[in-house]
1. Restricting the count to DSSP beta bridges whose residues both fall in the protein assembly as shown, what percent are antiparallel, rounded to a multiple of 5?
2. Looking at the square roots a ≥ b ≥ c of the eigenvalues of the Cα gyration tensor of chain B, which shape do they give, rounded for a/c under 1.5, prolate if a/b is larger than b/c, or oblate?
3. Highest mean first, how do B:148-157, A:10-19, A:124-133 rank when packing is the count of other Cβ atoms within 10 Å averaged over residues?
4. Using the Karplus curve 6.51 cos²θ - 1.76 cosθ + 1.60 with θ = phi - 60°, what ³J(HN,Hα) values do you get for each residue of the stretch B:71-85, in whole Hz, with x for Gly and Pro?
5. Just want the ordering: B:T50, A:T73, A:T3, from fewest to most Cβ atoms lying within 10 Å of their own Cβ.
6. May I ask you to sort A:E203, A:E86 by Cβ crowding, counting other Cβ atoms within 10 Å and putting the fewest first?
7. Please report the Cα spread of the stretch A:125-166 along all three principal axes, rounded to whole Å, starting with the longest.
8. When chain B is modelled as a GNM with alpha-carbon springs shorter than 10 Å, which of B:L86, B:L52, B:L34 fluctuates the most?
Amino acid sequence: MRTFEYLKPASVNKALALLDLYGDQAKLIAGGTDVMVQWKKRIISPQVLISLRNLAELSFIKFGGGLEIGAGTTHRALELSPEIREHFPVIHDAVSNLGSVQVRNSGTIGGNICNAAPSADTAPPLLVLDTNVRIASTKGERTVAIRDFFRGPSRTVLQTGELVTLFSIPAPLPRTGMAYSKHTRRKAMDLPIVGVAVLLSFEEDLKTCRKAAIALGVAAPTPMRAANAEAFLAGKPVDKTTLLEAGKIASEEASPRTTIRGSAWYRKEIIRVLVRRTGLICMERAKGAARS
Amino acid sequence: MKLTIGFSVNGDSVEVEVLPHWNLLKVLRDVLELTGAKQGCGEGECGACTVLVNGAPVNSCIYPVLEVEGKEVTTIEGLMDKSGRLHPIQQAFLEKAGVQCGFCTPGMIMSAFALLKANPDPTEDEIRHAIAGNMCRCTGYVQIVESVQHAAAVMSGRSQERAGKE
């Protein structure tokens, strides 16, 4: 009979000890919205599942200038957080249209990132926010910038025996607007054909770009930053024209594939459009934040 | 090797023998004979298996059963009151033709139940957002949304007149 042992450690330390004990025979499971489906489809057949679901020490949202999110925080908890909605709307945009309420009640941000799908909705927001990923093992802790975390589809820098505990996000600059847009065939329960996160920080005139961050999902083997488009915007006045040019540059940087959900050329077109549209939302949000 | 776990279903404590790879839906349907929740896709896409765990709707087909130990599960069977009277949401689905083939109905109603508990007067957009993970292959969404609006009106004692106009 095809089955597994299901272990529910009472702490992160106990989970790490189990990871050491079972090595590659074990797989971590948080909400299970990916892992259970992969097991049912026989994509994975671990002998042991180590559950992180009930670990309160992994489930928290903490503000203090910046933001700390425990890796075991559900998408639903993030969606319902008024502070996230107000201060980090790019995260709210992504989690409020990820899967369904049912999926968001189980699925976690750590699971979404560690599953490392090119289409992971939470990846572009964490990328534009310059998030640091804290990784624990029985040997200690290390921190990796999220732009260095992904190694390929379903591949990350995580070694056997390691797990992600925390996402640490620095405080954004003043006069910053941020947003995430995803292009899908239907509004709900769909993976993005393309996902675009943009973060724009403005000078005091609320026109000149002080800092731009642009991240693309399903545009390359891993979620990516569009560094050339960011460099183009920095120091320039932000308007429809410069945003359209930034979109063109981002589209050139992207190397999307043709898959059943979209062709490469189509994805490039959508990136061009979504960078501009998402940038315009950032402008509105930065102005709104400056007024309040 | 089977393990014994205890949890609560619709207010009753139960103990069941399970295998570690079983999901909650299998135990509800095959062990506890609560066949209201349906297996549709089996992959967390369609929402036919929606039940509440500690009040939150989840896809029970991909919910590892060992995770419900000590928790409270609510299924469609738990909505009726002790005298056998339908819950206002169930009654509204009957009256407003929210049921066609019926396969999605238990999941739809559980999602609506969780919504109305948190938000007794939802907008149409909020209703659609809440049931986005429940697919109706009969495509009877308009009547389903109207059923939820009607239930919201009845449950909060607002006039049905207004519910009809919304």
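1. DSSP beta bridges in the protein assembly as shown are roughly 85 percent antiparallel.
2. Prolate is the answer for chain B, as a/c is 1.5 or above and a/b outweighs b/c.
3. A:124-133, B:148-157, A:10-19
4. Taking θ as phi minus 60°, the curve returns 9, 9, 10, 10, 10, 4, 5, x, 7, 5, 7, 4, 7, x, 7 Hz for the stretch B:71-85.
5. So the ranking, lowest neighbour count to highest, is A:T3, A:T73, B:T50.
6. The order, fewest Cβ neighbours first, is A:E86, A:E203.
7. 30, 20, 12
8. Result: B:L86 has the largest fluctuation of those listed.
Quick note: the coordinates plus some simple rules give every number you see, no bench work behind them. Here the structure is a predicted model, which means the values were calculated and not measured. With ideal geometry, Cβ positions are generated from the backbone for all residues, glycine too; neighbour counts draw on all protein chains shown.
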